[in-house]
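Single-structure report; data block below.
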Amino acid sequence: MRRFGLIALLVVTIGALLAGGALYVLGAVAAADVAWIVGTVAALLPALWWVVSALLRGRLGVDAIAVLALAGSLAVGEYLAGALIGVMLSTGQVLDDYALRRARRDLTALYERAPRTARRYDDGTPHVIPVDDVRLGDLLLVPSGEIVPVDGVVRRGVALLDESALTGESLPVEHSEGESVPSGVVNAGAAFDICATVTASESTYAGVVRLARETEADSAPIVRLADRFAAWFLPATLLVAGLAWLLSGDPVRAVAVLVVATPCPLLLAAPAAIASGLSRTARHGVVVKGGGALETLGRARTLVLDKTGTLTVGRPQVVDVVPAPGGDPDDVLRLAAAVDQMSSHVLAAAIVRTARERGIALPAPSDVREEPGSGTTALVEGAKVRVGKAPTAPRSGWEEAQRARAALDGAMTVWVTVDDRVTGVILLRDQVRGDAGRTLRRLRAAGIDRVVMLTGDRAEVAESVATVLGIDQVLAERTPAAKVEGVKDEARRATTAMVGDGINDAPALAAADVGVAMGARGSGASAQAADVVLTTDRLDRLADAMDVARRSRRIAVQSAGVGIGLSLAAMVVAALGYLPPAGGALLQEGIDVAVILNALRALTPGLGARRRVDGRTDALLRRFESEHAELRPPLEMIREVADGLTSPPRPDALARLRRVHDFLTRDLLPHEHEEEQRLYPAMGELLGDPEATVTMSRAHAEIDRLITRLGRHIDLAEPGGPHPGQLDDLRACLYGLYAVLTLHFAQEEEAYFSLATSTRE
């Protein structure tokens, strides 16, 4: 209704101004004055209402100046000036309304498309029900083209999902049976079934909708500054107008001063720029809870980061299964996965996933008991199996050796006991995010002076991640209460942003000046405590949001400052009698339009935004990134084979070496060669320097050399395996391959694959 009312006001004021102008040209001066008076009164009445409404809310804004200018123009007979002020006021209000609606469009789109119905199976047949009626464990059908109603797990079929509305990801994402899918995404493929894991109100998209609504519940400090500005600008304007009248004896000068002071550009520019920033962050897959959070994010100088799920992918992978002397690694993994298939812990999921990937059949456990923070116990095939932390009994030399290895590798350990006897240990490692290094460099370039890692993990694990990423300080082995104190200490020194994703991060997020939750996989508690939520599971979106926040604040201040400066200059000119009311109205109209249009620049990407990647190169990056994900797990086989090269060699040593060589020549080398031929030329063009990929090409040459050397060793080996004189060089060759490939993969993922786009600009 407000929109149509403002448009009607604009039509009336413009019509009155044009009609009066036409009558004046025809010589009907009195009739022209009547038309201009109608336009002036048409604007005066709603302006009076706006002032009264503001007073009822305890505020006195600069709309009062507009009322005085309109009334003053009627009092001194400056009817043309009054009509121009009416057009100026209505135009400014329409532009301001358009700017705010345009800026909020992306946020509004989030909750307008929220799922409202679901198709639940009852007696084997899907029936349409309200989405609020979905309960935990319901089996739901998701037809092609429809929105996933609640979070769930794929039970039948393959889910090909368009996740662009939630994450900004432009390409469909495939989810196989057993994988989790979020609500609010669109089925871009064939129909599939899901099992609901939460209710509609607890689903991912419902949380995003709540966050989107909260963005309108707060105003930025710079917007609140506009209210404080009005407190001195209004009396200052009245003072200048009064002095102009008093010193000149001409009331027209006072009206002219009031005209050029109406309305205040700060009140128009600041909300438009901040709302534009909120809209742009939403387009990047970042929901900011109001202008205040956006403005504070733009001022942040210290960044505190949780480790697991924030700097690392939050999806640990099994790197080795070590049985106790005389044991079998597959049996250790089978028993552990049998117990862990009943647990929701992230490490349990990794163990079960690895067992299934290796084709191990899992027996059904019974009498399952899970102790949070300790482990899970169950009866498996008549034996009591416990999976979790190391037992407190005295440790053997073998156990101490495994603990030392885990510390050196920065790995997590899951111990498996059968009838209270340690039978093996499973080593897991959480990979550093491929985009973490580039994101931290961008954040430092954007103004972050200090980066702190705050984690409950062991110090040696945290330090290994911090060394790779160049983090300034590590605060490890911290409880949730200690995390809060750590954030408060940093906040006392500088404006601090905290990033986390777990339930235990929620208090620390609330303690920071601005809390950022990794909401795509983070807990509901952390999302509620945070001021900013990354709806996509990409850390680089934080850098995007900070770029937008700083630019929006800069544009708001710039627009307001220039507009106010021009208005003050025009007031002085009007007070001296060199600017009549009609001319002042036209000038002020131009100022207002200019500052609003300038504020809307916050909707566009700035020069500091992340590097643009063309579609062809982006497709290459995505393809090779996907191949990396498939090739990385088998790399561990290289080290395992090197570890097993004993003297005398094992009977299967040659077969194991051939298996490694087959993987390297059949799967890995074609990938590396195609990168050299297709990806690296594209990256050289993108980065503007053909030499930018030279170091990567040198790594390819070293990989080729070592694989060739391994092949020659296999050719020289005796039928029973490599002879003793080959063992040292074989181990060096395999360990060298493992080290070069691990480093090379990490370099490509950080330097190249992190450039793959995931948002539509």
Helix 63-75: inclination vs the chain longest Cα principal axis, degrees, rounded to 10, gives 20
How much length is gained on full extension from Leu379 to Arg403, taking 0.36 nm per residue of separation minus their Cα-Cα distance?
6.0 nm
Full-extension gain between Glu202 and Arg135, please, as 0.36 nm times their residue separation minus the C-alpha to C-alpha distance.
23.0 nm
Is any residue of segment 70-94 close enough, with backbone N under 16 Å, to a label point placed 7 angstrom from the Cα of Val593 along the Cα-Cβ axis, and if so, which?
84-94
Students sometimes get this wrong: rank Glu672, Glu702 by accessible area, probe 1.4 Å, all chains present, largest first.
Glu702, Glu672
Against the rule of thumb 2.2 N^0.38 Å, how large the Cα Rg of the chain comes out
1.22
Quick calc, Glu627 & Leu586: beta-carbon distance into FRET formula, R0 51 Å, rounding 0.05, result 0.20
0 to 90° range, to nearest 10: angle between helix 329-340 axis and the chain longest Cα axis
40
Solvent-accessible area of Arg450, probe 1.4 Å, all protein chains present, reported in Å² to the nearest ten, please.
60
Partner lysines whose C-alpha sits under 25 Å from that of Lys307, ignoring same-chain residues fewer than 8 away, are Lys289, Lys389, Lys483, Lys488
Viscosity 1.306 mPa s, temperature 10 °C: give me the Stokes-Einstein translational D for segment 664-722 in µm²/s, with Rh taken as the Kirkwood radius over C-alpha pairs.
121
So how tilted is helix 653-663 from the main axis of the chain? Cα-based, degrees 0 to 90, rounded to 10.
30
Rank these residues by their accessible area, most exposed first, probe 1.4 Å: Glu718, Glu202, Glu78.
Glu202, Glu718, Glu78
Quick calc: nm separation of the 7 Å Cα→Cβ label points for Asp330 and Ser53 -> 7.5
Which residues among segment 629-654 fall inside the zone where the amide N is under 12 Å from a point 7 Å beyond the Cα of Glu718, along Cα→Cβ?
648-649
Amide H proximity to Gly189 below 5 Å, modelled H, separation 5+ or other chain, gives Gly145, Leu160
Need one number: nm distance between label points at Val153 and Ala739, each 7 Å from Cα along Cα→Cβ, rounded to one decimal.
4.2
Give me the one-decimal nm value for the distance between modelled label points at Val128 and Arg554, 7 Å along each residue's Cα-to-Cβ direction.
5.0
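The values are calculated or read from the model by the stated rules, or taken from the named source; none is laboratory data. Please read these numbers as outputs of a predicted model, since none were measured by experiment. Every residue, glycine as well, gets a Cβ built from its backbone with ideal geometry; the counts of neighbours run over all protein chains shown. Quick note on the areas: whole protein, heavy atoms, side chains included, nothing else; ligands and nucleic acids left out. Shrake-Rupley method; radii C 1.70, N 1.55, O 1.52, S 1.80 Å.
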